[in-house]
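Input: one structure, supplied below.
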Amino acid sequence: PEMKSTGEVMGIAENFGTSYAKAQWAAFFPLPQKGRVFVSVTDKDKPKILKAIKTLEKMGFSIHATKGTYAFLNNNGVKTEITYKVNENRPNIVDNIKSHEVDMIFNTPLGKASHYDEIAIRQAAITYNIPCITTTPGINACVNGIESLKADKLKVRPLQDYFQNTDG
């Protein structure tokens with residue numbers, strides 16, 4: 001798997017999903033437990049995130065996607081609404097972000113054609129404090145984190161509770 005910079009935060013818990021959710025919270029991008037998810041992923045990434053998107057749908061999230069991702073998700077049984085790319089029409093994804101109509105973004109761009117959209121989406125996501133996940137492992141980890149949050153709520157414990165002093 002490829003490594004992406006995560007910054008200077010850490011999440012520790014009994015399971016991966018909760019630790020990921022804690023790390024997102026520490027980075028000031030807490031994972032939403034409801035709302036709208038915008039999805040725009042490359043063709044090679046679509047099958048890799050299908051299970052995660054179906055899980056979000058079952059948890060009550062509404063799914064919004066660009067044309068190609070919309071077609072793939074609908075063809076695989078996910079109720080999806082179309083959202084325009086930045087250069088297609090209005091209102092587009094950036095307009096939706098600015099109008100507080102997006103709670104989370106999954107975007108794995110590819111190539112020069114998507115570069116402008118990628119920059120505009122990331123800038124808007126940062127400005128409006130919306131989690132923006134840009135890799136398939138990150139998308140799957142994010143959904144795992146949301147599942148853990150819904151099942152367990154975050155619990156904060158001191159590090160000493162995780163590690164016992166074994167020096168005698």
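The values are calculated or read from the model by the stated rules, or taken from the named source; none is laboratory data. This one's a predicted model, so the numbers in the text were calculated from it and none came from an experiment. Glycine also receives a Cβ, built like all others from the backbone with ideal geometry; neighbour counts cover every protein chain displayed. Side chains included, ligands, DNA and RNA excluded: accessible areas come from the protein's heavy atoms. Shrake-Rupley method; radii C 1.70, N 1.55, O 1.52, S 1.80 Å.
What does the charge add up to near T83, with Lys and Arg as +1, Asp and Glu as -1, over the other residues with Cβ less than 10 Å from its Cβ?
With Lys, Arg at +1 and Asp, Glu at -1, the neighbours total -1.
Next question, about the same structure. If you find the alpha carbon centre of the range 128-152 and of the range 35-107, how far apart are they in angstrom?
One Cα centre to the other: 14 Å.
Now for a separate question. Expressed as an acute angle from 0 to 90° and rounded to the nearest 10, what is the orientation of the C-alpha long axis of helix 46-58 relative to the principal long axis of the chain?
70 degrees
Further question on the same structure: Would you mind counting up the charge near N96? Only other residues with Cβ under 12 Å from its Cβ, with Lys and Arg at +1 and Asp and Glu at -1.
0
Within the chain, what whole-number % of the accessible surface is contributed by carbon and sulfur, with the 1.4 Å probe and all protein chains included in the calculation?
52 percent
Are any of the pairs K22/K79; K34/K85; K34/K79 more than 26 Å apart by Cα-Cα distance, and if so, which?
Those over the limit are K22/K79.
Which sequence of K79, K22, K150 reflects their accessible areas, 1.4 Å probe, from the largest down?
From most accessible down to least: K79, K150, K22.
What shape does the range 82-137 have by the C-alpha gyration tensor, where a ≥ b ≥ c are the square roots of the eigenvalues, rounded means a/c under 1.5, and otherwise prolate means a/b greater than b/c and oblate the rest?
Oblate, because a/c is 1.5 or more while a/b does not exceed b/c.
What figure in square angstrom, to the nearest 10, would you give for the accessible area of S62 with a 1.4 Å probe?
40 Å²
So, one more: Using only protein heavy atoms and a 1.4 Å probe, report how much of T134 is accessible, in Å² to the nearest 10.
40 Å²
Moving on to the next point. For Kirkwood radius over Cα pairs in Å, pick the label among [x] 16.0; [y] 16.8; [z] 18.1 that corresponds to the value derived from the coordinates.
So the calculated entry is the one marked [y].
Starting from the amide H of M104, placed 1.01 Å from N in the peptide plane, find each other amide H under 5 Å away whose residue is 5 or more places distant or on another chain.
Residues meeting the amide H criterion: R36, F38.
Still on this structure, I have one more. Under a 1.4 angstrom probe, counting protein chains only, how are M10, M59, M104 ranked by accessible area, largest first?
M10, M59, M104
Further question: Just read off the accessible area of Y128 with the full protein assembly in place, 1.4 Å probe, to the nearest 10 Å².
Surface open to solvent at Y128 totals about 80 Å².
Averaged per residue, what accessible area in Å² does the chain show with a 1.4 Å probe, protein chains only?
Heavy-atom accessible area per residue stands at 60 Å².
Roughly how tilted is helix 112-127, in degrees to the nearest 10 and between 0 and 90, from the longest Cα axis of the chain?
50 degrees
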